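Below: the structure, in structure tokens.
The values are calculated or read from the model by the stated rules, or taken from the named source; none is laboratory data. Since this is a predicted model, take the numbers as computed values, not measurements. Glycine also receives a Cβ, built like all others from the backbone with ideal geometry; neighbour counts cover every protein chain displayed. These accessible areas exclude ligands, DNA and RNA; they are computed on the full protein's heavy atoms, side chains included. Shrake-Rupley method; radii C 1.70, N 1.55, O 1.52, S 1.80 Å.
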Amino acid sequence: MKLLEDRIKEDGIVLEGNVLKVNSFLNHQIDPDLMAAIGQEFAKLFKDQGITRILTVESSGIAPAIMVGYALHVPVVFARKKKSSTLNEAVYSAEVFSYTKNVLNTISVDQKFLTASDKVLIIDDFLANGQAVLGLIEICRQAKADIVGAGIVVEKSFQKGADLIKKAGVHLESLARIEAFVDGQVKFVEE
Ligand code: G4P
Ligand code: NA
Ligand code: NA
């Protein structure tokens, strides 16, 4: 998606450890017009597939996910990283290890917001090692929901997440695919 790649080139900052900082439009301050365009792009890529729900994980997945849900007119569910204060609710859950942050989170979704009759589109902001998306796939499988695909805003193609998702049998669409960071510049995968 050219609009997104241009924005990453313009405003993204390459940090040490192969991390792209995009907190001026995606991860802290959010550009709603760019998010709306992202929502339209995913809606086009996954049209006519009978999607009934969007699934993401808090916090940074929520902004793009809600715009996809708005474009497709379906509800958006985000997996929570902290246990809800309401005890005794039935949830689907998965363990997600973050290599970047070196923490293990349990993510969970209330069983009433994901069912066996759902056709789910998973959305997330970044795809690195793929653990967050694999956790969301696991949650869909617990619910016996169909997974239509996974839509990622920024894929770091040099990390293993994209392969892991494809190996899990899930159709993957990423709007920007980063091949490498070279001398502080972003090099995108050539189509
Ligand atoms: P994984 O889910 O693909 O395995 O990612 P990983 O554990 O490596 O990354 C942990 C967190 O860091 C995730 O956010 C992920 O979205 C984010 N992340 C990974 N690589 C980058 C990057 O290059 N730039 C930015 N800006 N973020 C990156 P999270 O812990 O789920 O946090 P949040 O959604 O609450 O922000
Ligand atoms: Na995220
Ligand atoms: Na993040």
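Summary table below
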item	result
Cross-link pairs Lys47/Lys112; Lys44/Lys187; Lys101/Lys160; Lys47/Lys83; Lys44/Lys119; Lys82/Lys112 - those with Cα-Cα distance over 23 Å	Lys47/Lys112; Lys44/Lys187; Lys47/Lys83
Sum of -39500 (n - 2.57) over DSSP H runs of 4+, divided by residues of the chain (222 nm, nearest 500)	-8500 deg cm²/dmol
Nearest-ten-degree value, helix 2-11 long axis tilted from longest Cα axis of the chain	70 degrees
Segment His171-Gln49, length gained on full extension (0.36 nm per residue, minus Cα span)	42.7 nm
Pairs of alpha carbons in the chain whose separation is greater than 31 Å (percent)	13 percent
Around Ser60: net Lys/Arg minus Asp/Glu count, Cβ-Cβ under 11 Å	-3
Accessible carbon and sulfur surface of the chain relative to its total accessible area, %, 1.4 Å	49 percent
Most to least packed among 9-19, 118-128, 152-162 [average Cβ atoms within 10 Å]	118-128, 152-162, 9-19
Set of region 134-155 residues, backbone N closer than 20 Å to the point 7 Å along the Cα-Cβ line of Gln40	151-154
